[in-house]
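Trainee: First the structure, then my questions, so here it is.
The values are calculated or read from the model by the stated rules, or taken from the named source; none is laboratory data. Just so you know, these numbers come straight off a predicted model, no measurement behind them. Every residue, glycine among them, receives a Cβ derived from its backbone with ideal geometry; neighbour counts consider all protein chains shown.
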Amino acid sequence: MHAIETLELTKKFGSTVAVDKLNFEVEEGEIFGVLGPNGAGKTTTIRLLTCLLAPSSGSAIVGGFDIIKDSIRVREIVGVQTENPSLYERLTAYENLDFFAEAYNVSGEQKKRRIRELLEFFGLWEFKDKKVGTFSRGMKQKLSIARSLVHDPNIIFLDEPTSGLDPESAREIKDLMKSLSKQGKTIVFSTHILGDAEKLCNRVMIINKGKKIALGALEELLSNTNKKILKIALRKLDQKVIDAIKCFKQVKEIRVDNSTSTVSVVLNASEEVTPEIIKSVVLNGGLILSVNVANQSLEDVYLRIVRGNNVEN
Ligand SMILES: Nc1ncnc2c1ncn2[C@@H]1O[C@H](COP(=O)(O)OP(=O)(O)OP(=O)(O)O)[C@@H](O)[C@H]1O
Ligand SMILES: [Mg+2]
């Protein structure tokens, strides 16, 4: 059984189609990343799958339960950290977790232990009696993640979990996600931090304007494109040099940065033409300061896919 399965999942807000006939599956125990530009529909997708919103059409099964017919059961088994922390500002950190624990029928000693564990883990124990309204953005973010875990859910949705956190706290959250996944929990998270997706995810889905535009293991997404980037920094940019580079048939794309006099050349990785290109640059009078060859990064692939020119391979 899949942890999550969506079928033509759709959400419209007036004339805006925020989520457009999405079909995807998430495996149990997987860390599944949802990527996409602002307004792509990531938050809306998470809100639909956690029954914070009802779909306009289509459906989804989460943990074996239908998000429309069994929304109560879905809410019980999922944990969700939303974009804007839904916490009670006038209650203390402890009271917030206490409230949500009770709402999930976690009580007594188990509740106390759980709240203490979470507050300690997130470094908030010493602030447990402070009103959440006085918390910094990062502290609220951490408490919001703690909140999502209070009932030990099997499927966890985190909407940009590391946004607003300092590097150390962000690292702690990422380690937490890994350890939850090792315990067999399924994690769906949205992010703009491609490096996080690269480090954490088994698979990623890229969405744009509510539509799925790519889904797969990162290595697949990266290797499918099979490209290398050759960066040549020159003392001075010269059209003659640029034209000479353009002549090579293996050159897929060329980007010129005037401010740094750098030419970035996207090459078919299977063909080794770097020495010839460099020779040609020199023969055409280019003064090379540095040369750097790198495999295409996730960022390159992501931008290519989102801009819709991922067809040429
Ligand atoms: N409650 C709402 N009412 C009207 N439109 C909405 C509502 N929520 C989202 N939208 C619209 O739906 C689209 C998708 O929004 P969503 O918040 O899901 O994007 P996102 O991918 O999470 O973006 P971001 O990266 O900025 O968080 C946007 O066009 C947004 O304006
Ligand atoms: Mg969002």
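Trainee: Does ILE68 meet the test of being crowded, with 21+ Cβ neighbours inside 10 Å and modelled with pLDDT of 95 or more?
Mentor: On the way: crowded, with 21+ Cβ neighbours inside 10 Å: no; modelled with pLDDT of 95 or more: yes.
Spelling it out, it is not the case that ILE68 is crowded, with 21+ Cβ neighbours inside 10 Å and modelled with pLDDT of 95 or more.
Trainee: Would you pick out the residues in segment 153-163 that are closer than 18 Å to PHE121 by Cβ and either more than 13 Å from ligand 1 (Cβ to nearest atom) or surrounded by fewer than 21 Cβ atoms within 10 Å (Cβ to Cβ) (or both)? Outline the logic, then answer.
Mentor: Our first condition is that a residue be closer than 18 Å to PHE121 by Cβ; within segment 153-163, this holds for 153, 156, 158, 161-162.
Answer for segment 153-163, where residues must be closer than 18 Å to PHE121 by Cβ and either more than 13 Å from ligand 1 (Cβ to nearest atom) or surrounded by fewer than 21 Cβ atoms within 10 Å (Cβ to Cβ) (or both): PRO153, ILE156, THR162.
Trainee: Restricting to segment 40-59, and then to whatever is in contact (Cβ under 8 Å) with a residue 40 or more places away in the chain and assigned to a loop (DSSP other than H, G, I, E, B), can you tell me which residue is nearest to THR82 (Cα to Cα)?
Mentor: Across segment 40-59, the extreme among qualifying residues is THR50.
Trainee: Looking only at segment 18-30, count every residue that is among the β-branched types (Val, Ile, Thr) and either in a loop (DSSP other than H, G, I, E, B) or within 8 Å of ligand 1 (Cβ to nearest atom) (or both) and tell me the total.
Mentor: Counting residues in segment 18-30 that are among the β-branched types (Val, Ile, Thr) and either in a loop (DSSP other than H, G, I, E, B) or within 8 Å of ligand 1 (Cβ to nearest atom) (or both) gives 1.
Trainee: Need pairs with beta-carbon distance below 6 Å; first residue closer than 21 Å to ARG171 by Cα and within segment 113-136, second of a type outside the set (A, V, I, L, M, F, W, C) and in a helix (DSSP H, G or I); sequence gap 6+ or separate chains.
Mentor: PHE122/LYS142
Trainee: Would it be correct to say that SER280 is surrounded by 13 or more Cβ atoms within 10 Å (Cβ to Cβ), within 29 Å of GLU220 (Cα to Cα) and among the hydroxyl-bearing types (Ser, Thr, Tyr)? Outline the logic, then answer.
Mentor: On the way: surrounded by 13 or more Cβ atoms within 10 Å (Cβ to Cβ): yes; within 29 Å of GLU220 (Cα to Cα): no; among the hydroxyl-bearing types (Ser, Thr, Tyr): yes.
Considered against the rule, which asks whether it is surrounded by 13 or more Cβ atoms within 10 Å (Cβ to Cβ), within 29 Å of GLU220 (Cα to Cα) and among the hydroxyl-bearing types (Ser, Thr, Tyr), SER280 comes out as no.
Trainee: Follow-up question, since we're still on this one. Please go through segment 222-242 and give me each residue that is touching a residue at least 12 places away in the same chain (Cβ under 8 Å) and in a helix (DSSP H, G or I), ordered by number.
Mentor: Across segment 222-242, the qualifying residues are LEU222, ASN224, THR225, LYS240, VAL241, ILE242.
Trainee: OK, next. Look through segment 32-83, keep the residues that are within 13 Å of ligand 2 (Cβ to nearest atom) and hydroxyl-bearing (Ser, Thr, Tyr), and return whichever of them is nearest to ALA18 (Cα to Cα).
Mentor: THR44
Trainee: Out of curiosity, is SER181 free of Cβ contacts under 8 Å to residues at least 24 places away in the same chain, surrounded by fewer than 20 Cβ atoms within 10 Å (Cβ to Cβ) and more than 20 Å from VAL293 (Cβ to Cβ)? Talk me through it step by step, then tell me what you get.
Mentor: Numbers: free of Cβ contacts under 8 Å to residues at least 24 places away in the same chain: no; surrounded by fewer than 20 Cβ atoms within 10 Å (Cβ to Cβ): yes; more than 20 Å from VAL293 (Cβ to Cβ): yes.
No.
Trainee: Which residue, of GLU299, GLU253, GLU219, is in contact (Cβ under 8 Å) with a residue 12 or more places away in the chain, surrounded by fewer than 16 Cβ atoms within 10 Å (Cβ to Cβ) and in a helix (DSSP H, G or I)? Step through it out loud before you land on a result.
Mentor: On the way: GLU253 fails: in a helix (DSSP H, G or I); GLU219 fails: in contact (Cβ under 8 Å) with a residue 12 or more places away in the chain.
Testing whether each residue is in contact (Cβ under 8 Å) with a residue 12 or more places away in the chain, surrounded by fewer than 16 Cβ atoms within 10 Å (Cβ to Cβ) and in a helix (DSSP H, G or I) leaves just GLU299.
Trainee: Please work out if LYS174 is in a helix (DSSP H, G or I), surrounded by 15 or more Cβ atoms within 10 Å (Cβ to Cβ) and over 18 Å from the mean Cα position of the chain (by Cα).
Mentor: no
Trainee: Let me ask something additional. Can you tell me how many residues in segment 154-178 are more than 16 Å from ligand 2 (Cβ to nearest atom) and among the small types (Gly, Ala, Ser)?
Mentor: Adding up the residues that qualify gives 2.
Trainee: Another one. Checking GLY184 against (1) more than 25 Å from ASP98 (Cα to Cα); (2) within 16 Å of ligand 1 (Cβ to nearest atom); (3) part of a loop (DSSP other than H, G, I, E, B); (4) of a type outside the set (Asp, Glu), which single condition isn't satisfied?
Mentor: (2) is the only condition that GLY184 fails.
Trainee: Would it be correct to say that GLY33 is in contact with a Pro (Cβ under 6 Å, 6 or more places away or on another chain) and assigned to a strand (DSSP E or B)?
Mentor: So GLY33 fails the test.
Trainee: Right, another one. For PRO275, all conditions in the list (1) buried (at least 16 other Cβ atoms within 10 Å of the Cβ); (2) part of a helix (DSSP H, G or I); (3) without any contact (Cβ under 8 Å) to a residue 40 or more places away in the chain hold save one; what is the number of the exception?
Mentor: Condition not satisfied by PRO275: (1).
Trainee: For THR16, work out the one condition from (1) closer than 14 Å to ILE155 by Cβ; (2) within 16 Å of ligand 2 (Cβ to nearest atom); (3) surrounded by fewer than 16 Cβ atoms within 10 Å (Cβ to Cβ) it doesn't fulfil.
Mentor: (1)
Trainee: Moving on to the next point. Do we find a residue being over 30 Å from TYR302 (Cα atoms), touching a Gly at 6+ places or on another chain (Cβ under 9 Å) and hydrophobic (A, V, I, L, M, F, W, C) anywhere in segment 4-23?
Mentor: There is no residue in segment 4-23 that is over 30 Å from TYR302 (Cα atoms), touching a Gly at 6+ places or on another chain (Cβ under 9 Å) and hydrophobic (A, V, I, L, M, F, W, C).
Trainee: Out of GLY39, GLY33, GLY29, I need the residue that is crowded, with 23+ Cβ neighbours inside 10 Å, small (Gly, Ala, Ser) and either over 14 Å from ILE67 (Cβ atoms) or assigned by TED's automatic domain parsing to the domain that holds ILE155 (or both). Which one?
Mentor: Matching residue, one of GLY39, GLY33, GLY29: GLY33.
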